[in-house]
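The values are calculated or read from the model by the stated rules, or taken from the named source; none is laboratory data. Keep in mind it's a predicted model, so treat the numbers as computed, not measured. Note that we place each Cβ from the backbone using ideal geometry, even for glycine, and neighbour counts take in every protein chain shown.
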Amino acid sequence: MASKRSQPGGSCFFAGLVVGLLSGLVSLVLLPIALALIPLGFLASVMALREVPLNRPVSAGIAAFLLVVGAVLMFGALNTFAACAGTEDFCGNANIVPLFALASVTLAYGVFASILTVVRSSQELPLG
């Protein structure tokens, strides 16, 4: 019988997508929540990816969470830019650069962690 660690992380990846979407939507309204969740997600991802053997469901879920939170924040930054670009003073000289930077780093790390989870998972699979 296969252990839980040898099961693919598909359902946890999906759960990470759902939690990331909900967290990302809440973060668009209350940015301090994102500022608290994202560093915790980075830390949890690094810790999960360092485990030997790799805990695929946890790594996949955290990677999906960061991927979706980054994508939702990127959508918020681009939406703000599009809405404010047509105004005379760019919505009171709104500075979206920090939000765009946070979204870019989170999205990029989510992609990186997802790829790293897949690569590490394929290296640990027994042949045959």
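Values for this structure:
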quantity: Flag for SER11 being in a helix (DSSP H, G or I), in contact with a helix residue (DSSP H, G or I) (Cβ under 9 Å, 6 or more places away or on another chain), surrounded by 15 or more Cβ atoms within 10 Å (Cβ to Cβ) and modelled with pLDDT under 85; calculated: no
quantity: Hits in the range 76-95 (condition: free of Cβ contacts under 8 Å to residues at least 24 places away in the same chain and either touching a Gly at 6+ places or on another chain (Cβ under 9 Å) or among the small types (Gly, Ala, Ser) (or both)); calculated: ALA82, ALA83, CYS84, ALA85, GLY86, GLY92, ALA94
quantity: PHE81 more than 25 Å from PHE42 (Cα to Cα), of a type in the set (Phe, Trp, Tyr) and in a helix (DSSP H, G or I); calculated: yes
quantity: Residue match in the range 106-114 (condition: more than 14 Å from GLY20 (Cβ to Cβ), in contact (Cβ under 8 Å) with a residue 12 or more places away in the chain, of a type in the set (Gly, Ala, Ser) and in contact with a Phe, Trp or Tyr (Cβ under 6 Å, 6 or more places away or on another chain)); calculated: no
quantity: Unmet requirement for LEU21, which otherwise passes all of (1) more than 14 Å from the chain's Cα centre (by Cα); (2) modelled with pLDDT of 80 or more; (3) within 28 Å of ILE96 (Cα to Cα); (4) not polar (S, T, N, Q); calculated: (1)
quantity: Hits in the range 42-61 - residues which are without any contact (Cβ under 8 Å) to a residue 40 or more places away in the chain and either part of a helix (DSSP H, G or I) or within 14 Å of THR106 (Cβ to Cβ) (or both); calculated: LEU43, ALA44, VAL46, MET47, ALA48, ARG50
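Quick grid of which residues meet (1) surrounded by 15 or more Cβ atoms within 10 Å (Cβ to Cβ); (2) at pLDDT below 90:
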residue	(1), (2)
VAL46	no, no
GLU51	no, yes
SER59	yes, yes
PHE65	yes, yes
VAL68	yes, yes
GLY76	yes, yes
THR87	no, yes
VAL97	no, no
GLY110	yes, no
